[in-house]
Amino acid sequence: MSSWIEEEGRLVKEYSFSTYPAATAFILQLAFLAEQQSHHPSIYWDYLKVKVLLCTHDHSGSITEMDHRFAASVDALPEKNTQ
């Protein structure tokens, strides 16, 4: 899991994109991945930046193995087009 950090009890990673459509496509990939894994991150989107925050709400909002697996799946998404 490259460059995910722990911040206030969550795994956090920020992505930067070169175009607005690339950021949009990434968020759509995240949405489908979240549905597949039944694990839904908090996503903050500001034009060319997307911030993903992970914690397991069923476990008092703590970081679990489910979060680590989801983070690894996000890292494996094709063509993130980050700057």
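A short reminder: the numbers here are calculations on the coordinates, not readings from a lab. These figures come from a predicted structure and were not determined experimentally. Quick reminder, even Gly has a Cβ in these numbers, built from the backbone with ideal geometry, and neighbours come from all protein chains shown.
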Notebook entry, point to check: If you take every DSSP beta bridge whose two residues both sit in the chain, what share of them, in percent to the nearest 5, is antiparallel?
Noted result: 100 percent
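Which value, in debye to the nearest 20, describes the size of the charge dipole of the chain about its Cα centre when Lys and Arg Cβ atoms bear +1, Asp and Glu Cβ atoms bear -1, and nothing else is charged? Could the numbers behind the result be given before it?
On the way: 6 positive and 11 negative charges, 45 e Å.
Once rounded to the nearest 20, the dipole reads 220 debye.
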Note to self: If I model a spin label as a point 7 Å beyond the Cα along the Cα-Cβ vector, how far apart are those points for SER42 and GLU7 in nm?
What the structure shows: 1.0 nm
Margin query: Using Cα-Cα distances under 8 Å and only pairs 6 or more residues apart, what relative contact order does region 1-76 have, in percent?
Written below: 36 percent
Check: Using the alpha-carbon centroid of each, what span in Å lies between region 39-73 and region 12-37?
Finding: 12 Å
Next item on the list: Quick one: plug the Kirkwood hydrodynamic radius of the chain (C-alpha pairs) into Stokes-Einstein at 10 °C, 1.306 mPa s, and report D in µm²/s.
Entry: 124 µm²/s
Notebook entry, point to check: Which listed residue (HIS39, ILE63, PRO21) has the Cα farthest towards the positive end of the charge dipole for the chain, taking +1 on Lys and Arg C-beta and -1 on Asp and Glu C-beta about the Cα centre?
Noted result: PRO21
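For every other residue with a beta carbon closer than 11 angstrom to the beta carbon of PRO41, add +1 if it is Lys or Arg and -1 if Asp or Glu, then tell me the sum. Mind showing how you got there, number by number?
Numbers: positive: ARG10, LYS13, LYS51; negative: ASP67.
Net of charged neighbours comes to +2.
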